[in-house]
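The values are calculated or read from the model by the stated rules, or taken from the named source; none is laboratory data. All figures in this text were calculated on a predicted structure; none of them were measured in a lab. In this analysis, Cβ positions are derived from the backbone assuming ideal geometry, glycine residues included, and neighbour counts consider all displayed protein chains. SASA here: full protein model, heavy atoms, side chains in, ligands and nucleic acids out. Shrake-Rupley method; radii C 1.70, N 1.55, O 1.52, S 1.80 Å.
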Amino acid sequence: MGNTFCLFCGCVEQSYVAVVERWGRFERVAQPGFNLFNPFAGEFIAGLLSTRLSSLDVRIETKTKDNVFVQLDCSIQYRVIKENADDAFYELQNPQEQIQAYVFDVARALVPRMNLDQLFEQKSDVAKAVLDELEKVMGAYGYSIEHILMVDIIPDPSVRKAMNEINAAQRMQLASVYKGESEKVLHVKKAEAEAEGKYLGGVGVARQRQAITDGLRENILDFSQKVEGTSAREVMDLIMITQYFDTIKELGNSSKNTTIFIPHGPGHVRDIGEQIRNGMMEAATAQANIE
């Protein structure tokens, strides 16, 4: 329907108020709905004011404490106070310019006290300072400041580029540290695994030799008890010769082997026996040290 007026009456739309004057002087504020006017007494509608929430976008250019030029994008949300609509109608000719001037004044007084990092971290403090100042000033003119949003902080393009490069360099450095640590852990674990494998391999060989020694000892003792007049050395030589010929037989029967040259003769058999005995003695000594 909208705001409709005739000579003696009028309809003020919701979210609006009408300023009524009598003979050019403020008389009253007409609230939304049907209102009567007396033109013979000099009453008429001087103007309308919207009580809806309005938004004003302001861009401020200023300098931080560390000499970086920045642009601040602010959004100020305000409305007319119904009870003080006469002040809003008569006191200010251009409320947007007045609000913008106070925003400039407060921001340019506060931002130079901060460096760039502090400004990004404390932008809500800047918005609160502007809000407190505007509420105190604009309230006297019939306006209520509802919210102030610090929408964006835009540094100079060269500064933004430098900040991105610093951030990228720091992340690359951190990635290098993590990569080096992971490689270090990998090498350490690999070395530990190799050392453990060698240790366990040595223990296995020692136990194998100990088992061979124990088996030979039992065979020698058993043979000496059953055959009288034989010494332990003679029995050992007999066992060594038997194992020697068994080894030659296995090498000959294996299809994977080619020609093998080994020393053969009575003297060589004795030498082999001596070597085997020495090896078993060393194995027994190593096993005793491990235990």
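Assorted remarks:
- Within the option set Gln71, Gln93, Gln122, Gln77, being over 24 Å from Ile153 (Cβ atoms) and either free of Cβ contacts under 8 Å to residues at least 40 places away in the same chain or surrounded by fewer than 16 Cβ atoms within 10 Å (Cβ to Cβ) (or both) holds for one residue only, Gln93.
- Pair list, Cβ under 7 Å, 6 or more apart: the stretch 21-50 residue without any contact (Cβ under 8 Å) to a residue 40 or more places away in the chain and under 23 Å from Asn84 (Cβ atoms), other residue among the acidic types (Asp, Glu) and assigned to a loop (DSSP other than H, G, I, E, B): Pro32/Glu13
- Test set (1) surrounded by 14 or more Cβ atoms within 10 Å (Cβ to Cβ); (2) at pLDDT 85 or above - Lys189 fails condition number: (1)
- For the condition part of a helix (DSSP H, G or I), without any contact (Cβ under 8 Å) to a residue 40 or more places away in the chain and closer than 30 Å to Leu56 by Cα, Arg160 qualifies.
- Subset of the stretch 125-163 (residues that are of a type in the set (A, V, I, L, M, F, W, C), over 19 Å from Asn84 (Cα atoms) and open to solvent by less than 30 Å² (accessible area, probe 1.4 Å)): Val126, Ala127, Val130, Ile148, Met150, Ile153
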